[in-house]
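Visitor: Below is a structure I'd like to ask you about.
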Amino acid sequence: MIHSLKEYCRKFFKASFNGENCLKIRSYSNRYNMGDLVQAAETFISKNLGAVLKSAEFLQFGVDDVKALLKLESEQDSIDEDKYRSVVSWTKHDKDRRRKHFSDLFRLIQLENLSNEFLNDVVHKEELVGSSVECTNLITAAALSRFLGAQVYKKMKGQSDEILILCGVSCQRSVAKFNTKTNQWSNMPDTNIARERPSAVNYNQQILLMGGSKGSTYYNSVDMLDLNDENPKWDSNLPSMGEKRYGFASTLLDGKLL
């Protein structure tokens, strides 16, 4: 009798999935070890994840169930925007008790899939994000991944724990170091002169910064920052390049600078 009732419930639930009840059915199926029904529920949820994350039932979930849903893959467009909005809504539903979970949930969102407009207009303006150092560092890592390209960023992380950002496309002297393991920034000594679009290489922990421009002035000078020193400073007493250059690439080959 009980077995027949269980089979009837299984068939009824499989035919009754919708955006409002699928989470309850999944929870019920887990409780009574109905593996095939759990799988069917998760398949439905994955295909309709955006709608599920917006449901009123989602706001009542515990943090472990929320994490499980955020880990589900979905081919729906803008699903990571939906995941972000759902995390914010879930946290604010009981902010005092749930705030401590926000950064862990935020980590499960594929930030590199969010548009620049969404990051700037929505994510950066959210108080839950701005008040969390971990969240802002995750945004920075995603921005670097997008700027450098996911494969390049992944390769750089495999080769080194740190990435230096020098001068930039606007004429600056600033230098910053980004740790790819801790996702944290630290300031480095400013360059001796402001440069736009210089080139740089790392030779045995000695950063060689070459060329660049400032307005209509172009440089052939070469500066060096020796990271082996306890208190590194930029040294401008190096031979200049044969001609002035900016916006160019450089590399090391067999110990020679090209």
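Visitor: Looking at (1) under 18 Å from ILE109 (Cα atoms); (2) at pLDDT 70 or above; (3) surrounded by 16 or more Cβ atoms within 10 Å (Cβ to Cβ), can you tell me which one MET188 breaks?
Guide: (1)
Visitor: May I ask you to list pairs of residues, at least six apart or on different chains, whose Cβ atoms are under 9 Å apart, with the first in segment 110-121 being closer than 16 Å to ASN137 by Cβ and in a helix (DSSP H, G or I) and the second being modelled with pLDDT of 85 or more and acidic (Asp, Glu)?
Guide: LEU111/ASP80; GLU112/ASP80
Visitor: Quickly run through segment 36-59 and pick out the residues that are part of a helix (DSSP H, G or I), among the small types (Gly, Ala, Ser) and in contact with a helix residue (DSSP H, G or I) (Cβ under 8 Å, 6 or more places away or on another chain).
Guide: ALA40, ALA41, GLY50
Visitor: What are the pairs with Cβ atoms under 6 angstrom where one residue, in segment 16-28, is over 13 Å from LEU69 (Cα atoms) and the other, located anywhere, is of a type in the set (A, V, I, L, M) and at pLDDT 75 or above? Sequence gap at least six, or different chains.
Guide: Going by the 6 Å Cβ cut-off, the qualifying pairs are GLY19/ALA51; GLY19/VAL52; ILE25/ALA41.
Visitor: Only one residue in GLY255, GLY212 is on the phi > 0 side of the Ramachandran plot and surrounded by 15 or more Cβ atoms within 10 Å (Cβ to Cβ). Which one?
Guide: Within the list GLY255, GLY212, the selection yields GLY212.
Visitor: Right, something else. Hey, could you check segment 201-222 for residues that are in a loop (DSSP other than H, G, I, E, B) and out of contact with any Phe, Trp or Tyr (no Cβ under 9 Å at 6 or more places or on another chain) and say which is nearest to GLN172 (Cα to Cα)?
Guide: GLY215
Visitor: Taking segment 199-222, which residues are in contact with a strand residue (DSSP E or B) (Cβ under 7 Å, 6 or more places away or on another chain), of a type outside the set (Lys, Arg) and more than 19 Å from LYS256 (Cβ to Cβ)?
Guide: GLY212, SER213, TYR219
Visitor: Would it be correct to say that GLU7 is in a helix (DSSP H, G or I), out of contact with any strand residue (DSSP E or B) (no Cβ under 7 Å at 6 or more places or on another chain) and at pLDDT 80 or above?
Guide: In short, no.
Visitor: Checking VAL129 against (1) without any contact (Cβ under 8 Å) to a residue 40 or more places away in the chain; (2) within 16 Å of ALA141 (Cα to Cα); (3) part of a loop (DSSP other than H, G, I, E, B): exactly one of these is not met. Which one?
Guide: (3)
Visitor: Here's a follow-up. Taking into account only those residues within segment 81-124 that are hydroxyl-bearing (Ser, Thr, Tyr) and farther than 18 Å from VAL52 by Cα, which is surrounded by the most Cβ atoms within 10 Å (Cβ to Cβ)? Working first, answer last.
Guide: Here is the first cut: in segment 81-124, the residues hydroxyl-bearing (Ser, Thr, Tyr) are 84, 86, 89, 91, 103, 115.
Still in the running and farther than 18 Å from VAL52 by Cα: 103, 115.
On the way: SER103: 17, SER115: 12.
Ranking the qualifying residues of segment 81-124, first place goes to SER103.
The values are calculated or read from the model by the stated rules, or taken from the named source; none is laboratory data. Note that the coordinates shown come from a computational prediction; the quantities given were computed from them, not determined experimentally. Note that each Cβ is placed from the backbone with ideal geometry, even for glycine, and that neighbours are counted across all protein chains shown.
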